[in-house]
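The values are calculated or read from the model by the stated rules, or taken from the named source; none is laboratory data. Note that the coordinates shown come from a computational prediction; the quantities given were computed from them, not determined experimentally. Virtual Cβ from ideal backbone geometry, glycine too; neighbours counted across all protein chains shown. Side chains are part of the model used for accessible areas, which takes the heavy atoms of the whole protein and leaves out ligands, DNA and RNA. Shrake-Rupley method; radii C 1.70, N 1.55, O 1.52, S 1.80 Å.
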Amino acid sequence: MRAYTPKDDVQAKAYYTDRYYVAPQVPKQEVESDEIFAADLAALKEKFDVKEAFIQMKQMIVYINASDIYGVLEFLRDELTYTQLSEMSAIDWLAKDNTFEIFYQMLSMTKRKRLRIKFFINNGDAVDSVESLFRSADWSEREMFDMFGIEANNHPFMKRILLPYDWQGNPLLKTYPLEGDEFAAWYEVDKIYGKEARDVIGPEIRDTARVDRYDSERFARLGFEVPKGTKITGNEEPNKQDYQEEGGVFLVKKFTKDASKIIDDPQR
Amino acid sequence: MAQHKVNYSQDGGLPVALTSIDKIVNWGRSNSIWALTYGLACCGIEMMASGASRFDFDRYGTIFRASPRQADVMIVAGTLTKKHAEFIKRLYDQMTEPRWVISMGSCANTGGMFNTYATVQGCDRIIPVDLYLPGCAPRPETLQYGVMLLQKKIRANKASNAQKPKRLM
């Protein structure tokens, strides 16, 4: 894995030099602007500690304490009719302040409203599982564990869901390179043939635009094929590709167009 | 003396074909290439279309089998993920020799558009490949042409057991 380096402006620097540029944000509205959400928030505030709440894109976002999550979702489900957990996952803010932001997207079919419960946890902390409240959280929490390494307490089967069990690393972390770290690059070779096969098989070729007409090990030039491993000089004889050999094939008749009958009556 | 219906002096002479062992064995092999159903992604749909009535692989004697032990050719049709890599090796080992591999489509050839941590960058990193079909996904005609080229390749080789082992390692 690479070490964390501040990436505030690394990629964008080359494209703009506006020092006063502020990234556009989705405008936020007061919760009071929607009476259903206002009532929900008031009910929530009576029982739990709400840090921040606002409306974005017609959805209410509520920040709570990490320890309250089970109680909040149970209250939302049983009292406030938010009966579906559409989605839950995490956001990597490790570079900023060493925290993860966890969100739970809720849907109320009767109110026709969506709200999002959010909280922050420190790197290395676990969240409380809500699997016993919502069955959909089962796989979502496993995926969060798979992709971020955040464990869920009291989850019945806290294992990786997509990647193999012996995988190392959490690919949705911002530090994880898209093309994989060294473990990922050699995973299949190490597992199937062993580490000593690395030299034989060689590293992955990641350059998608790579064309090497002098490489006869991998791809052949169409029409100028040579046996594997031949040294290509550029003066190769054209290699006419035909369906069949020149002299015909044993026991197989060569197709001749003249001898075939073409049916020109579509109704026949 | 029994009167034969065969007229030896006509119809090309005797009802006997003279040939070599290589030719007759390769004739049998190349015209009954049973393929392992191995659709890993969208290329698998094109492979199924090739097997269905419009393109009709049965004409080539290519019949899809669900068991590697009954298959001669493995058509790797689709994206090979790193999690699946060990299973393609196991299935390949379970196929009886002689065996051939067609790598179908960009993903199986080079990893294709999936330049990511989870995709094997070409199934030839795991198993030896005889034929690479370009395309994303290749048309069924491409696969048909590939099977014809494979037939040609089979006919060009010796039929004896002393085939050069095609092993990656």
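Values computed for the structure shown
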| quantity | calculated |
| --- | --- |
| Filtered residues of region B:105-118 (kept if outside any loop (DSSP other than H, G, I, E, B) and farther than 23 Å from residue B:154 by Cβ) | B:106, B:107, B:110 |
| Filtered residue count, region A:163-174, keeping only those that are facing chain B (nearest Cβ under 8 Å) and open to solvent by 50 Å² or more (accessible area, probe 1.4 Å) | 0 |
| Residue within region A:68-90 that is small (Gly, Ala, Ser), assigned to a strand (DSSP E or B) and within 30 Å of residue A:5 (Cβ to Cβ) present | yes |
| The one condition in (1) assigned to a loop (DSSP other than H, G, I, E, B); (2) open to solvent by less than 80 Å² (accessible area, probe 1.4 Å); (3) within 12 Å of chain B (Cβ to nearest Cβ) that residue A:232 fails to fulfil | (3) |
| Top-ranked residue of region B:14-28 - restricted to ones that are at pLDDT 85 or above and more than 10 Å from chain A (Cβ to nearest Cβ), ranked as farthest from the chain's Cα centre (by Cα) | B:21 |
| So residue B:131, is it surrounded by 14 or more Cβ atoms within 10 Å (Cβ to Cβ) and more than 13 Å from chain A (Cβ to nearest Cβ) | no |
| Cβ pairs under 6 Å, 6+ apart, first in region B:45-67 and closer than 27 Å to residue A:251 by Cβ, second part of a loop (DSSP other than H, G, I, E, B) and not charged (D, E, K, R) | B:61/B:31; B:61/B:32; B:62/B:33; B:63/B:34; B:64/B:37; B:65/B:34; B:65/B:71 |
| Residue list for region A:178-192, filter: open to solvent by 70 Å² or more (accessible area, probe 1.4 Å), charged (D, E, K, R) and at the interface with chain B (Cβ under 7 Å from one of its Cβ atoms) | A:179, A:191 |
| Within region B:75-123, tally of residues that are β-branched (Val, Ile, Thr) and farther than 23 Å from residue B:31 by Cα | 7 |
| Looking only at region B:135-155, and only at residues there that are within 9 Å of another protein chain (Cβ to nearest Cβ) and under 19 Å from residue A:222 (Cα atoms), the one that is most open to solvent (accessible area, probe 1.4 Å) | B:145 |
| Residues satisfying the stated conditions in region A:194-229, i.e. among the hydroxyl-bearing types (Ser, Thr, Tyr) and surrounded by 10 or more Cβ atoms within 10 Å (Cβ to Cβ) | A:208, A:216 |
| Boolean, residue B:120 is within 11 Å of chain A (Cβ to nearest Cβ) and either within 25 Å of residue A:165 (Cβ to Cβ) or of a type in the set (Asp, Glu) (or both) | yes |
| Identity of the residue in region B:60-104, away from every other protein chain (no Cβ under 14 Å) and part of a helix (DSSP H, G or I), that ends up surrounded by the fewest Cβ atoms within 10 Å (Cβ to Cβ) | B:69 |
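Residue by residue, here is whether (1) on the phi < 0 side of the Ramachandran plot; (2) more than 10 Å from chain B (Cβ to nearest Cβ); (3) among the acidic types (Asp, Glu); (4) touching a helix residue (DSSP H, G or I) at 6+ places or on another chain (Cβ under 8 Å) holds:
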| position | (1), (2), (3), (4) |
| --- | --- |
| A:176 | yes, no, no, no |
| A:194 | no, no, no, no |
| A:224 | yes, yes, no, no |
| A:236 | yes, yes, yes, no |
| A:241 | yes, no, no, yes |
| A:255 | yes, yes, no, no |
| A:261 | yes, yes, no, no |
